[in-house]
């Protein structure tokens, strides 16, 4: 991680919600190139809404969004991926009747991504050897953990500069959760820039560089992963110590 690099993603005073129901209140944060950053907090804190606002799946009501210094809050959602932002949604949303490899192919649908298909496919298969073993299997028949790997792999096929992960451990068995977090650690080591929202605070703080604590739509703490693990309020509220 290059701590002197300019921010890749910057949020300044971001507010968002659904209709008249406001969820986020003036959220400011940044993610630098090569960093793995977590947004942690309880269920209902606004973590998924935050990712939806970054992806422009919902329109922020106030504040600024910048990617590599270029503001994009006026950009429609379908153009966000061309800025280098790819999201792995909660629930994975694979095409269950397509093979693993065809699901991965769908991730490379952008014209700019197509010439790099073979190279990126090999990179995904090196990150997820099980996907190579299962490449001709229908995605709907994979285990939950394998489906999550396929969903992450599909997002990586677009060649994103920033990968957004929404609760990747949700609904997975504990032994599988560990393998998903191992993948997050491996992506960080390979230089991917990752923003992950996660309720499994103890696990995620072991694999990211920095974290923000989001509660009731506001940032209440931020710092290195080690600092948040040692934060008394975080330990009492979320780690049971």
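Tabulated data
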read-out	value
Most mobile listed residue (103, 231, 200) in the chain, GNM with C-alpha springs under 10 Å	231
Among 213-219, 191-197, 71-77, the order from most to least packed when residues are scored by Cβ within 10 Å on average	191-197, 213-219, 71-77
GNM top mover of 11, 24, 163 - the chain, alpha-carbon springs below 10 Å	11
Rounded if a/c under 1.5, otherwise prolate or oblate - segment 1-95, Cα gyration tensor axes	rounded
Gyration tensor verdict on segment 48-118 (Cα atoms; rounded if a/c is under 1.5, prolate if a/b is larger than b/c, oblate otherwise)	oblate
Choice from 148, 87, 22 with maximal GNM fluctuation in the chain (Cα, 10 Å cutoff)	22
Helix 174-189 vs. the chain, principal-axis angle (Cα, 0 to 90°, nearest 10)	90 degrees
Relative contact order of segment 1-74, defined on C-alpha pairs under 8 angstrom at six or more residues apart (%)	40 percent
Ranked list, fewest to most other Cβ atoms within 10 Å of each Cβ, for 78, 116	78, 116
Value of [θ]222 nm, deg cm²/dmol, for the chain, DSSP H segments ≥ 4, -39500 (n - 2.57) each, nearest 500	-8000 deg cm²/dmol
Cα-based shape type of segment 109-241, given that a ≥ b ≥ c are square roots of the gyration tensor eigenvalues and the cut on a/c is 1.5	prolate
The chain - share of DSSP beta bridges that are antiparallel (%, nearest 5)	55 percent
Highest to lowest packing among 36-45, 128-137, scored as the average C-beta count within 10 Å	36-45, 128-137
Centre separation in Å (Cα based) which lies between segment 20-65 and segment 119-178	23 Å
Length released on extending from residue 21 to residue 132, taking residue separation times 0.36 nm less the Cα-Cα span	35.6 nm
The chain, relative contact order in percent, only Cα pairs under 8 angstrom and at least six apart counted	26 percent
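Readers should treat all values here as calculations from the given coordinates under stated rules, not as data from a laboratory. Computed from a predicted structure; not experimentally measured. Every residue, glycine among them, receives a Cβ derived from its backbone with ideal geometry; neighbour counts consider all protein chains shown.
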